[in-house]
Amino acid sequence: AGANQGYCCEWNPDSVQALKRNLEANGVAHKCQVFLGDNRETSPKLSGVADRVLLGLLPSSEAAWPLAVSCLKPEGGMLHVHENVGEAEMSAWTK
């Protein structure tokens, strides 16, 4: 919705293929660079470029948080963190 440029780092080749098909189908392939491989190897190329970083690795993306922060622009941005949280841990995560 109004983004000038998008970047995607994904290690699953099938997911990359589906993403590229959908980018083409939606007419936005020219606005997205897709990096196939492990984020630890692909994300350093994106240092300081992002307003938002979406972390979808489950069950936990915590190990990737420092790398994700390094992709944010120097003035900051937002991390969208996905995490599996057990029901007993829910109150700790909502504080």
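Tabulated data for the structure shown
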item: Karplus-derived 3J(HN,Hα), 6.51/-1.76/1.60, for each residue of segment 73-79, Hz, glycine and proline x; result: 4, x, 7, x, x, 10, 9
item: The chain - percent relative contact order, Cα under 8 Å, separation 6 or more; result: 24
item: Within the accessible area of the chain (1.4 Å probe), percent carbon and sulfur; result: 53
item: Stretchable slack from ARG21 to GLU62, in nm (0.36 nm times residue separation minus alpha-carbon distance); result: 11.8 nm
item: Residue order for TRP11, TRP65 - accessible surface, 1.4 angstrom probe, largest first; result: TRP11, TRP65
item: Heavy-atom accessible area per residue - the chain, 1.4 Å, Å²; result: 73
item: Relative packing of 32-44, 14-26, which averages over residues the other C-beta atoms within 10 Å, highest first; result: 32-44, 14-26
item: Note, ³J(HN,Hα) from phi for segment 81-91, Karplus 6.51, -1.76, 1.60, rounded to Hz, x at Gly and Pro; result: 9, 9, 7, 7, 10, x, 4, 5, 9, 4, 5
item: Nearest 10 degrees, 0 to 90: helix 13-25 Cα axis against the chain principal axis; result: 60
item: Debye log10 I(q)/I(0) for the chain, one point scatterer per Cα, at q = 0.14, 0.16, 0.20 Å⁻¹; result: -0.59, -0.75, -1.07
item: Lys pairs under 19 Å by Cα in the chain, provided they are eight or more residues apart or on distinct chains; result: 4
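The values are calculated or read from the model by the stated rules, or taken from the named source; none is laboratory data. Remember, predicted model here, so these are calculated numbers, not experimental data. Neighbour counts are summed over all protein chains in view; Cβ atoms, including those assigned to glycine, are modelled from backbone coordinates with ideal geometry. In case anyone asks, the SASA skips ligands and DNA or RNA and just uses the protein heavy atoms, side chains included. Shrake-Rupley method; radii C 1.70, N 1.55, O 1.52, S 1.80 Å.
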